[in-house]
Ligand code: SAH
């Protein structure tokens, strides 16, 4: 599963120079030192807690460390969406998960960390939850200390405590629990006798939270019963806590082992044992969000789809971001350079996308200029997303016609641009229809391709499999080019989910390809598209808010 990415820190162009205007530093923190700064020979290791799954639950310090990493060694429990915080040049190493491909053993992980640090690299070891809670953090730091490799530990939110918020399960509710114990449900295989004192655990005056408790559920629950805990004690099984498929299942200590077996409960899951379980509502604030349980495919890169995926994730959707177009810098900059050097001569600059803004202005800055070069030129931004990106560069658009149909778009521009010198900044395969309409309408038009957009040639296997298995309910189609690219990559797979179109141009492209969108945005923006999906879900009445989703509670 690809998690949703929604936070403002993501809203930074990835492959081009950063916007000229940056928010003032909110606070001063010590910057993670890079290996070259401290010592030549030895790097440094950051053991970073990734939090329980929701990518917003990593600490600021964790994000800073990721920014500076040369190599990121990450656990399967850490949400891969967090890797977006790493620099594009960082090496990303998955440490594997049982049952799927190469799995690093603890010894191999330590060796790899030491090897990387010794070669002078800055290493982030990204671990699910908190690195020190059932995370072998101490074993790893012991090896680092012994080897003389500097390290820092960045805490994370441990999953067992995150459930208090995301399931509204008050683990320390004063009437029912005056203490909480974090307990392992799986003791190490090499331990002959149990380290757990079940006598004490059975009469513990509070809430027990079992980690890693699925495999040996029958054992730990039987031990608690044998040591006197009542079989009626409420138990909650919480799977995938803080993730888009979070689920809470209620049972009792007497039935939990049967429930795990009968339901085929799979890790990662936590078991909360105690009376506080009864206080959790059936639907928490997290699972009540209107698109919870709905998986939406957002074509694009994380950098270009931040707004849409953020909005959808905010509504509770499980957002899968997958590129369909490849955006690259022009192979030959000469045309862009010529336009940049003469930019002050135009009456109007029309930016057709945020990517165009980044590439054109990035080039202008790279050639030693700044926004003063634009001189008297007025600026039009096609759509509010493009206008938003201009603001990041310190520029306010004079005209922001929303994308709808080419003719009305051209008309809006021509009200100002007729007889004027206009530069249209776009991709290599640009908006031919718009350019034609502007020219025919009397603008003195020049077009420049500030970036190249080529088709992604290989379908994303995870997306293809999810489409085939009906695991994607919606596809957000954000442009005609995206529609064509999606059709080419996924063909009939695209007939299973519902398609949401950003506007009439995109709808026309979809129809031409033989697909009928189930929803069309009335405002042709990321927010409008998310809203269209929301309204269609509500109208279809397939589920009332909170009903069909995977967190369906059941008392067994
Ligand atoms: N360091 C991690 C725990 C690692 S042990 C932390 O602080 O959360 C692995 C166990 O953590 C899993 O077997 C499961 O019991 C629990 N776990 C981790 N993430 C989880 C999640 N999102 N939902 C439910 N359980 C989770």
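The values are calculated or read from the model by the stated rules, or taken from the named source; none is laboratory data. This is a predicted model, so every value here is computed, not measured. Please note: Cβ atoms are built from the backbone with ideal geometry, for glycine as well, and neighbour counts cover all protein chains shown.
Results, tabulated for the structure shown:
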{"quantity": "Residue among 364, 390, 308, 409 that is over 20 Å from residue 453 (Cβ atoms), assigned to a helix (DSSP H, G or I) and touching a residue at least 24 places away in the same chain (Cβ under 8 Å)", "calculated": "364"}
{"quantity": "Residue list for segment 116-136, restricted to those being near the ligand (Cβ under 6 Å from one of its atoms) and over 16 Å from residue 55 (Cα atoms)", "calculated": "133, 134, 135"}
{"quantity": "Count - residues of segment 512-555 that are crowded, with 20+ Cβ neighbours inside 10 Å, modelled with pLDDT of 80 or more and part of a loop (DSSP other than H, G, I, E, B)", "calculated": "4"}
{"quantity": "Test: residue in segment 190-206 that is within 12 Å of the ligand (Cβ to nearest atom), at pLDDT 95 or above and either surrounded by 16 or more Cβ atoms within 10 Å (Cβ to Cβ) or assigned to a loop (DSSP other than H, G, I, E, B) (or both)", "calculated": "no"}
{"quantity": "Some residue of segment 390-399 being in contact with a strand residue (DSSP E or B) (Cβ under 7 Å, 6 or more places away or on another chain) and surrounded by fewer than 18 Cβ atoms within 10 Å (Cβ to Cβ)", "calculated": "yes"}
